[in-house]
Amino acid sequence: MHHSDHRNRRLAWAAALWLAAAGAVSAGRAEQAPGDADMEGELKFLEAERDTLVTASRTKERTDESIATSTVITQDQIKRMGARTLSDALRIVPGIGITQTEFGIGAIDVRGVRTSFSDKVLMLLNGHPLDQDMANPGSTWVYDDLAVDTIKRIEVVRGSASALYGANAMMAVINIITQDAKDTHGVRASAGYGNYDTQQYRLSAGQQFDNGEAVVHFNYRGTNGLPRNAGGTQRAVTGPEKRYDLEWQLGYEGFKLDGRYIGKRLDPYVSPFDLNAVTQNSQYDNYFLRLSRDWTVREDLSLSTQLYYDSFDSSYTGTAGAGSRLNPLIASWGGGSNDSRTGGEVQANYRVSRNNSLIGGVALAREAYDNPSYRQTVPYNPDFNIKATSSDMSRTRWSVYLQDMWEVWHSLHLSLGARYDHYSDFGGTFNPRMGFNWEFVRDYSLKFSYGTAYRAPVLGEMDPYTNVLAIGNPNLDPEREQTFETGLVAHPLRGLTTQAVYFHSHIADMIDAVRYCPAPGACPKSEVFPNFKRYENQGTLVTDGVEWEGRYDFQGADHGSYLLANYTYQNPLLNGQTAPDVPHSRVNLIANWRFDRHWNGFANLLYNGAVAGDSSVSPDLGSYALLNLSVLNQGQLVNGLDMGLTVYNLLGKQYADPGDFSVPGRTFYGHMSLRF
């Protein structure tokens with residue numbers, strides 16, 4: 001056994017003993033301080049945070065009264081579980097899975113639907129869409145490993161939501177809500193360190209004024225990533241990474257200017273063609289600016305207005321040399337594009353009566369795909385040398401939407417809405433949503449919803465010139481999806497909440513790169529590229545299944561402790577066959593224990609069922625279970641100082657992500673934050 005294995009095992013036992021010691025110490029203190037009014041008030045506030053959300057209807061509502069299936073992850077939960085990134089936090093959500101892709105970024109699969117770019121999930125930051133890359137769909141290029149220190153809450157709404165949000169809100173909407181000036185209130189700093197020289201730093205400053213407010217957050221994350229031989233026979237994919245993250249929220253006299261910049265340098269051990277690249281450097285620069293204001297027209301009518309500008313620049317270079325499977329076919333490659341979106345939106349909230357509200361809006365946006373380029377150089381075969389560029393591309397989109405929320409009586413809530421989006425290139429799409437939430441017996445509610453959604457082809461998928469290995473198709477149509485779900489929510493005992501949901505989704509006209517040859521004999525004939533590929537609408541995916549979750553919150557002296565379990569069964573079929581790279585079953589078991597006002601312990605057991613591989617790309621993978629353990633101390637040494645230690649994969653389970661990509665074994669992460 002290697003010395004590092006001995007050291008990791010000792011650290012794992014030390015963490016477990018620390019947790020046990022914390023319990024013994026807190027038991028001795030319980031008699032001295034059986035209750036704390038301030039702590040009790042804070043715990044009740046945190047519980048209220050979980051009971052409301054805005055993402056499901058674009059207005060604040062109680063989760064128990066919403067027609068949507070949703071999960072709210074609070075700042076307190078994030079802190080206690082010891083999450084490092086957004087992906088860590090999302091792993092506990094029923095129906096959600098997190099894995100690596102061949103591009104070195106995280107994939108978010110929802111209810112059995114997984115793609116390399118997570119393009120059927122719409123991610124929002126404080127309500128602003130983050131699908132700003134026009135070359136490739138999805139938002140995980142820069143947001144998969146978003147630092148969580150400045151996040152106030154994460155709202156995850158499963159099911160169709162294009163009736164409210166338009167493109168890409170197919171399987172889920174994930175709204176990341178960050179801390180504002182009131183939440184920050186002063187200066188906060190944090191630092192974290194873990195295996196593979198993983199470092200995270202955060203500095204925030206916020207202040208409220210008589211006529212405004214200001215808050216600025218800075219985050220840095222760096223890691224060496226897994227070594228190339230980390231998985232033995234498996235294949236390492238995530239290499240070194242550095243990211244700089246700056247967010248700001250400035251308010252004055254009712255106006256608000258907010259935005260975020262992320263610069264990310266990723267050096268994965270992959271190329272678009274081979275997993276043995278000698279070098280591969282990817283640079284992403286993403287930012288958005290938004291100017292907004294809420295207006296009260298009269299007591300029953302308010303308006304929300306905004307103007308915004310989004311920018312996403314990407315570039316990549318790579319080389320393949322001796323030892324590469326493709327040598328000497330490909331020696332070097334590179335490319336990128338400069339993408340942007342400019343737009344505005346007006347939303348009106350009108351209270352028809354005490355029990356009836358209308359939410360409607362109009363939006364206009366222009367999307368641009370500028371300076372697209374791709375090149376590859378093959379010294380040993382000049383016939384494969386390519387240098388391709390395309391003219392700049394752009395399109396406009398206008399949208400109109402309306403939603404009616406009606407409390408028929410105290411126990412029955414109805415919602416009916418629709419949205420129409422029109423694109424200048426492929427035309428229009430209409431998407432309705434309807435549902436109800438009925439408390440048919442006290443503390444027992446039945447909910448049902450039906451909706452449609454779409455995923456718009458990005459401009460890079462419609463560009464016929466730049467990427468000759470995956471040719472764009474200007475005649476693409478949007479992907480179309482229908483979902484219905486029904487569920488039962490129950491509160492049979494004080495502190496106990498349980499929910500069971502059945503879902504069924506049908507996705508048609510899926511966009512994929514398929515083999516294509518413009519004329520016989522015109523395509524390169526080789527072991528690796530028997531044909532060119534072109535984006536086409538082809539394929540159907542149908543998934544159905546069940547999500548169940550139960551949570552018990554202890555009362556009295558143990559208030560703040562809870563037990564949680566969730567189970568997901570999903571049966572995705574791609575063109576009538578079992579869809580690859582996703583399990584049929586997934587289980588989370590969580591125990592959070594507040595020993596006293598200072599000490600907290602968190603344990604999470606995650607089980608993933610066996611995965612069927614894609615016979616042409618990835619092998620079948622067996623099931624596995626991971627145990628994560630986190631301990632947190634709050635304010636014991638210094639008021640405002642929090643210290644935590646998390647052990648991921650405590651038992652050192654060896655497993656692989658779809659594609660047979662290696663993943664970390666037992667890893668440690670220590671974190672401390674200070675509030676001034």
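The values are calculated or read from the model by the stated rules, or taken from the named source; none is laboratory data. None of these values were measured; they are calculated from a predicted model. Cβ: placed from backbone, ideal geometry, glycine included. Neighbour counts: every protein chain shown. What goes into the accessible areas is simple: the full protein's heavy atoms, side chains included, and nothing from ligands, DNA or RNA. Shrake-Rupley method; radii C 1.70, N 1.55, O 1.52, S 1.80 Å.
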- Item | Counted residues, region 625-669 - those being surrounded by fewer than 15 Cβ atoms within 10 Å (Cβ to Cβ) and touching a Ser or Thr at 6+ places or on another chain (Cβ under 8 Å) | 1
- Given the structure, is TYR193 within 21 Å of GLY665 (Cα to Cα) and open to solvent by 40 Å² or more (accessible area, probe 1.4 Å)? yes
- Item | 1 or more residues more than 12 Å from the chain's Cα centre (by Cα) and modelled with pLDDT of 95 or more: qualifying strands (runs of 3 or more DSSP E) within region 68-160 | 69-74, 151-158
- Task: Using the structure shown, decide if ASN349 is modelled with pLDDT of 90 or more, of a type outside the set (A, V, I, L, M, F, W, C), open to solvent by 20 Å² or more (accessible area, probe 1.4 Å) and at positive phi.
- Result: no
- Is it fair to say ASP285 is within 22 Å of GLU247 (Cα to Cα), in contact with an Asp or Glu (Cβ under 6 Å, 6 or more places away or on another chain), open to solvent by 40 Å² or more (accessible area, probe 1.4 Å) and modelled with pLDDT of 90 or more? yes
- In the set GLY460, GLY495, which member is farther than 30 Å from ARG397 by Cα and either polar (S, T, N, Q) or in contact with a strand residue (DSSP E or B) (Cβ under 8 Å, 6 or more places away or on another chain) (or both)? GLY495
- Could you please give the count of residues in region 91-103 that are open to solvent by less than 10 Å² (accessible area, probe 1.4 Å) and over 18 Å from ALA56 (Cβ atoms)? 2
- For ALA169, state whether it is hydrophobic (A, V, I, L, M, F, W, C) and either in contact with a Cys (Cβ under 7 Å, 6 or more places away or on another chain) or crowded, with 23+ Cβ neighbours inside 10 Å (or both). yes
- With respect to SER449, determine if the residue is under 26 Å from VAL542 (Cβ atoms) and open to solvent by less than 50 Å² (accessible area, probe 1.4 Å). yes
- Query: Hey, THR184 hits all of (1) buried (at least 24 other Cβ atoms within 10 Å of the Cβ); (2) farther than 19 Å from VAL121 by Cβ; (3) in contact with a helix residue (DSSP H, G or I) (Cβ under 6 Å, 6 or more places away or on another chain) but one; which does it fall short on?
  - Reply: (3)
- Task: Would you be able to say whether some residue in region 571-579 is open to solvent by less than 20 Å² (accessible area, probe 1.4 Å) and either part of a strand (DSSP E or B) or hydroxyl-bearing (Ser, Thr, Tyr) (or both)?
- Result: yes
- Message: Any residue at all in region 127-139 that's out of contact with any helix residue (DSSP H, G or I) (no Cβ under 8 Å at 6 or more places or on another chain), under 18 Å from PRO268 (Cα atoms) and among the charged types (D, E, K, R)?
- Response: no
- Query: Looking only at residues in region 466-490 that are in contact (Cβ under 8 Å) with a residue 60 or more places away in the chain and open to solvent by 50 Å² or more (accessible area, probe 1.4 Å), which one is nearest to GLY576 (Cα to Cα)?
  - Reply: GLN482
